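Participant: Got a structure here, written out as structure tokens. Questions coming.
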Amino acid sequence: MKRLVLLFLSMLVISFRSSAQEAPKVKFEKVSQEEMAMKTYLNDTTAEAVILYDEGSSYVKYEVGDGFKLTFERFVRIKILKQSGVSWGNFMVSLYSNGSSKEDLQQIKGTTSNYEKGKIVQSELKKDAIFRERENKFWEAVRISLPSVKVGSVIDLHYTISTNLMWNLRTWKFQYAIPVRWSQYKVVYPEYFNYNHTMLGYHRLLINKSSQSTESINYFENVRTNQGGFSSAQNQAVNQNITYQTKTFDYAAMDIPAIKTEPYLTTIENFTSRIKFELASINFLLVGGKFKNYTTSWIDIAKELALDDNFGLQLKNDNFAKDIVNQLTKGIDDTLGKLNAVFHHVQKVMKWDGSNSCYTSKNLKKTYADKTGNSADINLLLTVMLNKAGISANPVILSTRQNGMISFAHASISDCNYVIVKAVVDGKPFLLDATEPSLQAGYIPFRCLNGEGQLITTDGAEPVPLQNTRSVEITKVDLEIVGGKVSGTLNNQLTGLNAYDFREAVKLAGGKQEFFNKLKNSSSDIDYSTYAYVNLDSLELPIIQEYKISLKEGQEAGSDIVYIDPIVIGRVRSNPFNSPQREYPVEFGVPSYDIFTIQFKIPEGYKVDELPKNLSMTTEDNGAKFVYQVVQAQNKIVVSLRISIDKTTFLPSEYQGLKEFYNAIVNKEAEQIILKKI
């Protein structure tokens, strides 16, 4: 009997799972009373909107006279729950458009359903609510605004994209910034095409299956026939039939939570659940055609780039740089000195236009003459000039943090959007980016600290870790109490990206005096009376800030008890990691080392009543360290703390340890020194 009960229960579970995997029956414009009446989404009561249903399909079919075409269809239904969710009534569709190679957006239909006087009233999308605009040379944006969207609305949108560009089989997102109740995607293509499928993100699919079926193509072909007689040869239309196998892939997910932005991320897109496709090969050998392999390696990509007019061939057109470089390096004997001379010259004379690219927008001679360009223009120019100076230098292609990580599964130039330079001096590598005039040689901007790039050489390609040496901040404060006023000096030293950030902040403010005025006016805890900024224009040297300061909250003269907050500047007041758990890594980007020391003179007539206790802690793998020490020597108290982040990436499994680490910092830095009147 027990075995029968267990069998019955197992069958019940199987039955439940099977029914749970069935797609809901949703039809365009057929909105249910339940959907209209919905006030909140039970799985996430904070949601501003919820995607109730999202259905997509991509299929490749043969059209007589037009060949194989790739079609993408989407139907999405969204419920608006809060005023902040009204913006989900606006859509943007990106279309590839470069000359005759383009995608066509067709069959755009949309409705907004609202309750009015107890009835469902639907407003249809009008043509004047569809706008097209050119994003760049290759992409066009179509913006669609549905009408009468407000809290309580249910919106439906349907559109179709048709193209003969087989490489652009569309990525499907299962996850968005709002929760998704049901999402499904079907992909169908003939055996002649082969695509790589890559699943990304952390949410598991409910359905992930594939199947095959047989289909055929019927068409008429003019055939030369011979039916006898003196002129028997003639053309005749003959019906032809080709049978082939079709591959079908079904994907579906249910109750997908909203993807939430957390502190210290590269880009949220890296962790959004989605499936992407890449054309691997086309094979028409069985029907008398050809085979073409699109799967490539970084070495293959390096060979292609070497012959590209806007990359490798630009590096060969370098005669214009010879006299310029000779003048820049005249009288400089050491190689590092030559590197700095060339690097700082390109930094100074060239202006980055803010655009990222792996390809030049014009030839390098014109780039230098115009004194402006994109990231490839400027850094390939730097590559040419360094080589002319006798320094080994090669370009590195990469993907910026906002653009997402380069795929580990398949080499693809389309993953990359930026170029930097790797130079080698006396066996020591230097990563260089001349787009930023405030950046020291040997450092790259924070936007480029994203996993690995690919070094492109005449021999091929090799991975390059995109890392900077750690940024250091050293702060020393010397304070005393005179007449109830706490005052003294503050000295701060910055290196690495910390120094770069400071130089940029001074530039943005309009100069040193303007920056100091802004600092003085915005500080709620400290009065700054004088300042000095050292090495502001010397990129190879650390920035030094010197201030005379006083605390705005003094101590009442003659008080029996004096409370002192020792961490007067840079205190960590809250834990940046507040979520109970985290599904994706913590990405600091760059290792850091912060040292803070405060020396406090005990006023006459007082003694120490209570001091914070010393503390030393590390995360489990020593990736982060925190040391807090207090020493009393005669009439002085010295508090020193060190925070070291040596590892740039912490996995989700390490999140709780990192969270506890920052909790300890917050609590320790909040502790006070207590003095008591003798």
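Participant: Is there a residue being charged (D, E, K, R) and either closer than 30 Å to Asn403 by Cα or in contact (Cβ under 8 Å) with a residue 60 or more places away in the chain (or both) anywhere in region 326-343?
Facilitator: No, region 326-343 contains no residue that is charged (D, E, K, R) and either closer than 30 Å to Asn403 by Cα or in contact (Cβ under 8 Å) with a residue 60 or more places away in the chain (or both).
Participant: Among the residues of region 88-112, what is the count of those that are closer than 18 Å to Ser162 by Cβ and either touching a helix residue (DSSP H, G or I) at 6+ places or on another chain (Cβ under 8 Å) or among the charged types (D, E, K, R) (or both)?
Facilitator: 4
This table checks each residue for (1) buried (at least 18 other Cβ atoms within 10 Å of the Cβ); (2) assigned to a loop (DSSP other than H, G, I, E, B); (3) modelled with pLDDT of 90 or more.
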site	(1), (2), (3)
Asp54	yes, no, yes
Arg77	yes, no, yes
Ser84	no, no, yes
Ser94	no, no, yes
Thr112	yes, no, yes
Lys137	no, yes, no
Ala141	no, no, yes
Val149	yes, yes, yes
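Participant: Turning to a different aspect of this structure: Between Gly510, Gly483, Gly496, which is at pLDDT 95 or above and under 30 Å from Val568 (Cβ atoms)?
Facilitator: Gly510
Participant: Could you say which residue among Val477, Val424 is of a type in the set (A, V, I, L, M, F, W, C) and farther than 29 Å from Cys358 by Cα?
Facilitator: Unique residue meeting the criteria: Val477.
Participant: Further, regarding this structure: Which residues, taken from region 183-202, are under 30 Å from Thr111 (Cα atoms) and surrounded by fewer than 20 Cβ atoms within 10 Å (Cβ to Cβ)?
Facilitator: Lys186, Val188
Participant: Within region 403-435, track down each residue that is under 24 Å from Thr295 (Cβ atoms) and polar (S, T, N, Q).
Facilitator: Asn403, Ser407, Ser412, Ser414, Asn417
Participant: Here is a list: Ser644, Ser616. Which entry is within 30 Å of Arg582 (Cα to Cα), surrounded by fewer than 16 Cβ atoms within 10 Å (Cβ to Cβ) and assigned by TED's automatic domain parsing to the domain that holds Lys476?
Facilitator: Ser616
Participant: Also, quick follow-up: Quick one: which residue in Ile598, Ile678 is buried (at least 19 other Cβ atoms within 10 Å of the Cβ) and farther than 22 Å from Arg401 by Cβ?
Facilitator: After ruling out the rest, the residue left standing is Ile598.
Participant: Got a sec? Which strands (runs of 3 or more DSSP E) wholly within region 560-620 have at least 2 residues that are modelled with pLDDT of 95 or more?
Facilitator: 592-601, 615-618
Participant: In addition: Return yes when Val346 is among the β-branched types (Val, Ile, Thr), over 29 Å from the mean Cα position of the chain (by Cα) and either surrounded by 19 or more Cβ atoms within 10 Å (Cβ to Cβ) or in a helix (DSSP H, G or I) (or both) and no when it is not.
Facilitator: It is false that Val346 is among the β-branched types (Val, Ile, Thr), over 29 Å from the mean Cα position of the chain (by Cα) and either surrounded by 19 or more Cβ atoms within 10 Å (Cβ to Cβ) or in a helix (DSSP H, G or I) (or both).
Participant: Counting only residues that are of a type in the set (D, E, K, R) and within 20 Å of Lys636 (Cα to Cα), which one in region 461-493 is nearest to the chain's Cα centre (by Cα)?
Facilitator: That would be Lys476.
Participant: Sticking with this structure for a sec: From the set of residues in region 114-135 that are of a type outside the set (D, E, K, R) and in a strand (DSSP E or B), which is surrounded by the most Cβ atoms within 10 Å (Cβ to Cβ)?
Facilitator: Filtering first and then ranking leaves Asn114.
Participant: Also: crowded, with 19+ Cβ neighbours inside 10 Å, outside the structural domain of Asp565 (by TED's automatic domain parsing) and of a type outside the set (Val, Ile, Thr): which single residue out of Leu479, Leu490, Leu455, Leu497 fits that description?
Facilitator: Leu455
Participant: In region 275-307, how many are closer than 22 Å to Leu398 by Cα, surrounded by 15 or more Cβ atoms within 10 Å (Cβ to Cβ) and either in contact with a His (Cβ under 9 Å, 6 or more places away or on another chain) or not β-branched (Val, Ile, Thr) (or both)?
Facilitator: Number satisfying all stated conditions: 14.
Participant: Give me the residue from region 500-532 that is closer than 19 Å to Ala441 by Cβ and crowded, with 18+ Cβ neighbours inside 10 Å and, out of that set, nearest to the chain's Cα centre (by Cα).
Facilitator: By that ranking, first place goes to Tyr500.
The values are calculated or read from the model by the stated rules, or taken from the named source; none is laboratory data. Keep in mind the model is a prediction, meaning the values are calculated, not measured. Every residue, glycine as well, gets a Cβ built from its backbone with ideal geometry; the counts of neighbours run over all protein chains shown.
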